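Structure record follows, encoded as C-alpha cells.
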C-alpha cells in the first residue's frame with residue numbers, strides 16, 4: 001500500500017541530501033511532488049529520476065528567502081496537481097561555523113536565520129491556506145538537535161535558527177490542530193550529505209562526529225526520509241507539535 005497515494009507535497013532543499021531522498025520517497029509512496037531549491041539542473045535531474053520509476057513531480061527553482069518564491073511553489077502545486085496536503089520545509093544552511101559570537105558579522109547572522117527560519121515562516125504562510133482548502137494536511141520543518149538537546153560552541157546562528165523552528169512548530173500545531181493540520185519538526189542527527197560533509201570534511205572530523213552518536217555512525221539521507229514519511233503520512237495521525245529526534249542517539253549519548 002502506498003502511504004501517500006492521492007496526496008500533493010512540496011519539498012524544499014530538494015537538490016541534494018535529505019530533501020532529494022525525501023522527494024523520491026514521497027513520489028514512490030504515491031504523492032505528486034513539487035520540488036524546490038536554488039539549483040535548477042539538480043532539480044530537473046531529480047524530476048527525471050522520479051519519472052523513470054513512474055512517479056510524478058514538478059520543479060520550480062528559486063530562493064527560499066524570497067516570499068514570492070514561497071507563494072509560487074504553492075501556486076504550482078495547486079495549478080498543476082490540484083492542491084496541497086504535505087510540505088517538508090527542508091531548505092537551510094549551516095551558516096558560518098567556527099566563529100565566536102563577537103566576531104560573527106550581522107550579515108552572516110541574518111542570512112542564516114533568513115535561510116533556515118524565515119524561509120520556514122514564509123513556506124507555512126502560503127502552505128497553510130492551501131492545506132485548509134483540502135481539509136487539513138501535514139506541515140513539517142527540518143530542524144536539528146543542535147540548539148535543542150545539544151549545544152556546540154561557535155554555532156550560535158545555526159542553533160538559534162533551528163531552535164526557532166521548534167517554537168514555530170509548537171505554536172502552529174496549537175493554532176491549526178483544530179482545523180486538522182498537523183505540524184511537526186524533524187530533527188536529524190549527523191547525516192552523510194553534501195552539507196554535512198562541509199562540516200565534517202576530514203577522516204578525523206568524520207570519525208569524531210560518528211563517535212558522538214550512540215549508533216556510532218552517520219545516517220544515510222534515506223533513513224531521515226523515512227522519518228519524514230512517517231510525519232507526512234497517516235501513520236502519524238495523532239502526532240503534532242513534536243520535535244521528532246531521528247538523531248542516532250546523539251542527544252543521549254555520553255560514551
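Every number in this text was worked out from the coordinates using simple rules, so none of it is lab data. As the structure is a prediction and not an experimental result, all values here were calculated from the model. FYI the Cβ positions are ideal-geometry reconstructions off the backbone, even for glycines, and counts take in every protein chain you see.
Quick look at the numbers
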{"read-out": "Helical mean residue ellipticity (222 nm; -39500 (n - 2.57) per DSSP H run of 4+; nearest 500) of the chain", "value": "-14000 deg cm²/dmol"}
{"read-out": "Convex hull volume per residue for the chain, taking Cα atoms only, in Å³", "value": "123 Å³"}
{"read-out": "Relative contact order [Cα under 8 Å, 6+ residues apart], region 145-216, whole percent", "value": "21 percent"}
{"read-out": "0 to 90° range, to nearest 10: angle between helix 156-176 axis and the chain longest Cα axis", "value": "30 degrees"}
{"read-out": "Value of relative contact order over region 21-154, rounded to a whole percent, pairs C-alpha under 8 Å and six or more apart", "value": "24 percent"}
{"read-out": "Separation between Cα centres of region 214-255 and region 72-97, rounded to whole Å", "value": "20 Å"}
{"read-out": "Nitroxide proxy distance, nm - points 7 Å out along Cα→Cβ at residue 53 and residue 205", "value": "3.1 nm"}
{"read-out": "Angstrom value of the Kirkwood radius, inverse mean 1/r, which spans all Cα pairs in region 83-147", "value": "13.4 Å"}
{"read-out": "Rounded tilt (10° steps) of 67-81 against the dominant C-alpha axis of the chain", "value": "40 degrees"}
{"read-out": "C-alpha long axis of helix 221-232 to longest principal axis of the chain, angle in °", "value": "50 degrees"}
{"read-out": "The chain, relative contact order [Cα under 8 Å, separation at least 6], %", "value": "19 percent"}
